[in-house]
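Remarks on the structure that follows.
The values are calculated or read from the model by the stated rules, or taken from the named source; none is laboratory data. Not measured: the values here are computed from a predicted model. As a convention, Cβ positions derive from the backbone with ideal geometry for all residues, glycine included, and neighbour counts pool all protein chains shown.
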Amino acid sequence: MVWKTGLVQQVVMAITFVACLIIPLQYAVLVAVAMSLLLFVLQQSNKITVKKWTPTEQVLPLEEDAPQTVPANEVTLLVAYGSLFFATAPLFEEQLPDVSPETDHAVVIINLRSSRDLGSTFLQVLDRHAGELQAQDSLLMLAGVLPEVINQLEKTGLMRRIGRENVFVEGQVIGQSVLAAWDAAEKWISREVKWRGAEAEMTEVNTDER
């Protein structure tokens, strides 16, 4: 059964068998454990996919590929499939939509449901993405956040960067925090667009008066 489970199990099993013939049993077991951990990290570091969710009138959202760039005046909800830890952070960052000069008054929501320990490398990715969005008058929101992650955000100072009002704690109802974040994002965009329109009208009036 172990041999038929997969390639990783076959490699570890073969290395353990060879090690038992060469070195004492206790050391062979340690070698097998070390190889299992190494192969697991290598395998998991290449397995992460970022998808875009769009709420629909039905119960379940529409899942699509993540866009290449963050669209202006829109909410982009992203969900990552895979383990979020230091080894997958670069791959996750590569799959995030780029923040372009055209990105304006946009909101990116990242669903972190079931993630209990993000690690400093992954938090730095969130910090950079939040900074890029804020430079374009846009926001990063986090949904499905567990108390452990809240503690990490506060201790590292990332909570101040993102804003406590933009972090939505995971509840017992699946998707509740995501919907709350989506609603808050739409309201924020609506306020910003109205404010920008009013500001443009005032500028036009002042120009006409001159």
A careful count of residues in the range 23-50 that are touching a helix residue (DSSP H, G or I) at 6+ places or on another chain (Cβ under 8 Å) and either β-branched (Val, Ile, Thr) or under 27 Å from Gln95 (Cβ atoms) (or both) gives 11
Have a look at Ala130, Ala80, Ala135 and point out the one that is without any contact (Cβ under 8 Å) to a residue 40 or more places away in the chain, within 20 Å of Ser177 (Cβ to Cβ) and over 11 Å from the mean Cα position of the chain (by Cα). Ala130
Only one of these is closer than 22 Å to Gly175 by Cα, exposed (fewer than 13 other Cβ atoms within 10 Å of the Cβ) and either in the same structural domain as Ser190 (by TED's automatic domain parsing) or at pLDDT 85 or above (or both): Thr49, Thr56. Name it. Thr56
Taking helices (runs of 4 or more DSSP H) that do not extend beyond the range 1-105, which have at least 3 residues that are in contact with a strand residue (DSSP E or B) (Cβ under 6 Å, 6 or more places away or on another chain)? 89-95
Ala72 is checked against (1) modelled with pLDDT of 90 or more; (2) under 18 Å from the mean Cα position of the chain (by Cα) and fails just one. What number does that condition carry? (2)
Just wondering, is there one or more residues in the range 161-173 that are at pLDDT 90 or above, in contact with a helix residue (DSSP H, G or I) (Cβ under 7 Å, 6 or more places away or on another chain), part of a helix (DSSP H, G or I) and among the charged types (D, E, K, R)? yes
For the condition more than 19 Å from Asn151 (Cα to Cα), more than 12 Å from the chain's Cα centre (by Cα) and buried (at least 16 other Cβ atoms within 10 Å of the Cβ), what is the one hit in Val108, Val99? Val99
Scan the range 183-194 and report the pairs whose first residue is under 11 Å from Val75 (Cβ atoms) and whose second residue is loosely packed, with under 13 Cβ neighbours inside 10 Å, with Cβ atoms within less than 9 Å and a gap of 6+ or a chain change. Ala184/Glu165
Any residue in the range 150-165 that is at positive phi and either basic (Lys, Arg) or buried (at least 16 other Cβ atoms within 10 Å of the Cβ) (or both)? no
Just one of (1) surrounded by fewer than 19 Cβ atoms within 10 Å (Cβ to Cβ); (2) among the polar types (S, T, N, Q); (3) closer than 19 Å to Val145 by Cβ trips up Thr88, so point out which. (1)
